[in-house]
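Right, one structure below, let's go through it.
The values are calculated or read from the model by the stated rules, or taken from the named source; none is laboratory data. Computed from a prediction, not measured in an experiment: that's the story for all the values here. Cβ placement follows ideal geometry from the backbone for every residue including glycine, while neighbour counts extend to all protein chains displayed.
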Amino acid sequence: MSIERVAIIGLGLLGGSLGLALRENLPGVTTTGYDASPATRARAAQRGLVGTVCDSAAEAVAEADLVVLCVPVGAMAQAAREIAPALPAHTIISDVGSSKQSVARALAEALPGHVVIPAHPVAGTEQSGPDAGFATLFRQRWCILTPGPDAPEAAMADLTELWEALGAKVEIMDPAHHDVVLAVTSHIPHLIAYTIVGTASDLEDVTQSEVIKYSAGGFRDFTRIAASDPTMWRDVFLSNREAVLEVLGRFSEDLTALQRAIRNGDGETLFDLFSRTRTIRRSIIEQGQDDARPDFGREHGD
């Protein structure tokens, strides 16, 4: 691998975790970092998220072999324009955004002539900020690369090797296909979580204290998802609107069919659907993407 210096722009959950993972798994790689927030830069320096926390994005990328943009997808274009004058010619530019077509367009427009390989490590938590990062975030998780047709093989090999060294499993995917897949597996579930938690809060005949007091497992897990970074998810839905709306339309049709089955007392339809979805859950566990223990492996007091 020819990547010896990595610059991380954005030092929140993903950027901080990337820096810590590099330090733990590739200690020979030099890391620099920058965040637009002075408070985040100060905390990143205290935690040692990167080797050197810089006072500007240009300073952070000046000698980098790889730059990873770990900012909300709506901020990608601005971040790319900010680093453009200082980028060495050989530098690979990548990112960690959850939508890929919009990011690829933004980076290509802002950084013409540079090697751009968008990426999406499918990993995260509901936490955000420089205290949220941890070195094992990417271990046994997928990192999806969505290169353009002209991406150099050597750069692809280097980026693949780096993510695999951090414990990730790398997959290559077309950007448009990625956006539809992630709309199903991530974006729509988050939208549903935000909606159901908001609905519960707004119900006039159920006070907020009762919603909190009587939270059962299902609602509790929705609130975990709905606690995710609002800036990041606002940008995800706006940047991936076409795929989200396409999948949301299909979901609305399925929800209408389910509503009809309940109204008509059609238990067979309900049972068939619930049986089919249990199979999906088993497959996720078999592939090591979640914990098979009851209640997601949570520890409970006696």
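Summary of values
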quantity: Helices (runs of 4 or more DSSP H) enclosed by segment 112-214 - at least 3 residues per element that are of a type outside the set (D, E, K, R) and surrounded by 13 or more Cβ atoms within 10 Å (Cβ to Cβ); calculated: 153-165, 175-182, 188-202
quantity: Residues within segment 90-102 that are within 23 Å of Gly16 (Cβ to Cβ) and out of contact with any His (no Cβ under 9 Å at 6 or more places or on another chain), tallied; calculated: 1
quantity: Close pairs (9 angstrom Cβ cut-off, 6 or more residues apart or separate chains): touching a residue at least 60 places away in the same chain (Cβ under 8 Å) and not assigned by TED's automatic domain parsing to the domain that holds Gln78 in segment 98-120, in a helix (DSSP H, G or I) and small (Gly, Ala, Ser) anywhere; calculated: none
quantity: Residue in segment 155-164 that is modelled with pLDDT under 95 and out of contact with any strand residue (DSSP E or B) (no Cβ under 6 Å at 6 or more places or on another chain) present; calculated: no
quantity: Asn240 at pLDDT 70 or above and under 25 Å from Ser98 (Cα atoms); calculated: yes
quantity: Subset of segment 94-114 (residues that are out of contact with any Cys (no Cβ under 8 Å at 6 or more places or on another chain) and among the charged types (D, E, K, R)); calculated: Lys100, Arg105, Glu109
quantity: Contacts under 7 angstrom Cβ, first residue in segment 67-79 being in the same structural domain as Leu111 (by TED's automatic domain parsing), partner acidic (Asp, Glu) and at pLDDT below 95, 6 or more apart; calculated: Pro72/Asp235; Val73/Asp235; Gly74/Asp235
quantity: Tally, over segment 68-90, of residues that are closer than 17 Å to Val6 by Cβ and surrounded by 23 or more Cβ atoms within 10 Å (Cβ to Cβ); calculated: 7
